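Engineer: Please find one structure pasted underneath; my questions will follow.
What follows is calculated from the coordinates using simple rules that are stated; it is not laboratory data. Because the structure is predicted, anything quoted here is derived from the model rather than measured. All Cβ positions, even for glycine, are placed from backbone atoms using ideal geometry, and neighbour counts span all protein chains on display.
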Amino acid sequence: MWPYSRDVVVPDTKDWTWVLDRPCPECGFDAGGCRNDEVAGLVRQNARVWNRLLTDGAIVPGRPSDSSWSSLEYACHVRDVYRLFRTRIRLMLKDDDPLFDNWDQDASAVEDRYDSQVPEVVVAELAAAAEAMATQLDEVTDGQWQRPGRRGNGSSFRVETIARYMVHDPIHHVWDVTGDRAAGD
């Protein structure tokens, strides 16, 4: 499949922050209705789902169409979401209103050759990143949930909103791979 152009899959340029205001009509997850103390559990649950998908043989290279990532690429992306947002939340907890660099997820898929990575390694890394993310969220104190941070596009978050925004992404990508709405164990 390599090399492929990043133009093969049309980049998603939507501002997904709307998921904080209403349930996602595609995957069914309601980030706005999620409590702070639920996010870490959802992260752990999501990692178990990706492990089950690996065991079931559902995480494979090869795009199902020219307009969609492969299940392996989605797994790599979810791993990197956990890593990136752990860093962002760490900054929010340490610094006053940090500004985050924009992340081009489509460029990462190409540059890091997501579709040529080993599924078992990716899911193990995803599980480790998810556990690190969940542990960090478990340690956020009541007063820290309101600490601010901003994306390069100007979107403002608090730790509580960026955590709920973040957890939608991995849940949504299970839907992308399986079609299961708000997939659980």
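Engineer: With respect to Val123, is the statement that it is in contact with a Leu (Cβ under 9 Å, 6 or more places away or on another chain) and either in a loop (DSSP other than H, G, I, E, B) or of a type in the set (Ser, Thr, Tyr) (or both) true?
Structural biologist: No, not satisfied.
Engineer: Scan region 84-117 residue by residue and report those that are part of a helix (DSSP H, G or I), of a type outside the set (Val, Ile, Thr) and more than 18 Å from Pro170 (Cβ to Cβ).
Structural biologist: Those that are part of a helix (DSSP H, G or I), of a type outside the set (Val, Ile, Thr) and more than 18 Å from Pro170 (Cβ to Cβ): Arg90, Leu91, Met92, Leu93, Lys94, Ala107, Glu111, Asp115, Ser116.
Engineer: If I filter region 55-69 for residues that are touching a Lys or Arg at 6+ places or on another chain (Cβ under 7 Å) and farther than 20 Å from Ala163 by Cβ, do I get at least one hit?
Structural biologist: yes
Engineer: Name the residues in region 78-99 that are out of contact with any Phe, Trp or Tyr (no Cβ under 8 Å at 6 or more places or on another chain) and over 18 Å from Gln144 (Cα atoms), would you?
Structural biologist: If the condition is that a residue be out of contact with any Phe, Trp or Tyr (no Cβ under 8 Å at 6 or more places or on another chain) and over 18 Å from Gln144 (Cα atoms), then Arg79, Asp80, Val81, Tyr82, Arg83 are the ones that fit.
Engineer: Of these, Glu120, Glu125, Glu160, Glu131, which one is over 18 Å from the mean Cα position of the chain (by Cα) and charged (D, E, K, R)?
Structural biologist: Criteria check complete, one pass: Glu120.
Engineer: In addition: In region 58-86, what count of residues is obtained for those that are under 13 Å from the mean Cα position of the chain (by Cα) and of a type in the set (Ser, Thr, Tyr)?
Structural biologist: Number of matching residues: 2.
Engineer: For Val123, state whether it is closer than 14 Å to Val43 by Cα and in contact with a Phe, Trp or Tyr (Cβ under 6 Å, 6 or more places away or on another chain).
Structural biologist: yes
Engineer: Among the residues of region 48-86, which ones are under 26 Å from Asp101 (Cα atoms), of a type outside the set (D, E, K, R) and out of contact with any Pro (no Cβ under 8 Å at 6 or more places or on another chain)?
Structural biologist: Result: Ser68, Trp69, Tyr74, Cys76, His77, Leu84, Phe85.
Engineer: Restricting attention to region 118-131, and to residues there that are of a type outside the set (Asp, Glu) and farther than 12 Å from Asp80 by Cα, which single residue is surrounded by the most Cβ atoms within 10 Å (Cβ to Cβ)?
Structural biologist: Pro119
Engineer: On to the next question. Going through region 100-117 one residue at a time, which ones are without any contact (Cβ under 8 Å) to a residue 60 or more places away in the chain, more than 14 Å from the chain's Cα centre (by Cα) and under 15 Å from Leu84 (Cα atoms)?
Structural biologist: Across region 100-117, the qualifying residues are Phe100, Asp101, Asn102, Asp112.
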